[in-house]
1. Accessible area, 1.4 Å probe, largest first: how do 165, 144, 157 sort?
2. Going by accessible area, probe 1.4 Å, with all protein chains left in place, what is the ranking of 191, 225, 47, largest first?
3. Could you tell me how many degrees, from 0 to 90 and to the nearest 10, lie between the Cα long axis of helix 200-214 and the main elongation axis, the longest principal axis, of the Cα atoms of the chain?
4. I want to verify a result. In a Gaussian network model of the chain, Cα cutoff 10 Å, which of these has the top mean-square fluctuation: 23, 166, 184?
5. Counting only the heavy atoms of the protein chains, how much of residue 41 is accessible to a 1.4 Å probe, in Å² to the nearest 10?
6. Under 20 Å between alpha carbons: how many lysine pairs meet that in region 1-101, if sequence neighbours fewer than 8 apart on the same chain are excluded?
7. Build a GNM of the chain with springs between Cα atoms under 10 Å: which of 168, 99, 135 gets the top mean-square fluctuation?
8. Among the DSSP beta bridges whose two residues both lie in the chain, what percent are antiparallel, rounded to the nearest 5?
Amino acid sequence: MNILMIEDNESVCEMMSMFFEKEYFTASFYHDGAEGFEAYKKEPNAWDIVILDLNLPSMDGMHICREMRKISKETPIIMLTAQDSESDQVIGLEMGADDYVTKPFSPLTLLARMKALHRRAHVTPEATENVSEGDYNVVADSVKINTVTREAVYLDKPIENLTPKEFDLLVMFAKNPRRVFSREQLLKSIWEDPFYGDERTVDAHIKKLRQKIEQVGPQLIQTVWGVGYKYEEPGDN
């Protein structure tokens, strides 16, 4: 992987540099937000993954993430948050981050999250092999999805600006209507197994997915209290 890490703590960068070298990854480190963003903007397709701190001098991580998403919706972004704060995590996801890791973190945990996100961004599911750009290979009553172009329509209206994780969640739900998935099942299927992190990341992604669904139609993702989540067509309950 070719990694862009924008982090103002030089000790953290030095530590991760050693771990990246052991994995034979190449990495560029920037301690200033604006400088890091300029490096991304010059070659947005050069980076396999971006590790982005929340609090940075000259340009904060939220702003950088939002501007990166204007350039590309495909680059995987992991946000580093100093506090285990749900509000920071949700805002980061709203800006377009694919995942987050809270500080202090284990380097092995960050590496595991990076590898899982990289796999998701580059592996094409077998079901998409014979799907053309104009076809939908996941079809529910109200939702149609093309997993090649990663487009989804609900009641013939596009569900826009889905992050990779949100899209993968929607595919899993639409393939299994009315089936209840626990957080643990979703983490194993959409993130990685074993998962190194907080189960609340599922809730944060579900919240954002619901908001984007509600922009075009009635809610499809229902909470099953004490268990998890399920996909249910309007009027089925």
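The values are calculated or read from the model by the stated rules, or taken from the named source; none is laboratory data. Bear in mind that the values here come from a model prediction, so they are computed numbers and not experimental data. In this analysis, Cβ positions are derived from the backbone assuming ideal geometry, glycine residues included, and neighbour counts consider all displayed protein chains. Ligands, DNA and RNA are stripped out before the accessible areas are found, and what is left, the full protein with its side chains, is counted by its heavy atoms. Shrake-Rupley method; radii C 1.70, N 1.55, O 1.52, S 1.80 Å.
1. Of 165, 144, 157, the descending order of accessible area is 157, 144, 165.
2. If we order 191, 225, 47 from most to least accessible, we get 225, 47, 191.
3. Value to nearest ten degrees: 50.
4. 23
5. Approximately 100 Å² for this residue.
6. Lysine pairs meeting the criterion: 4.
7. In the Gaussian network model the winner is 135.
8. 45 percent
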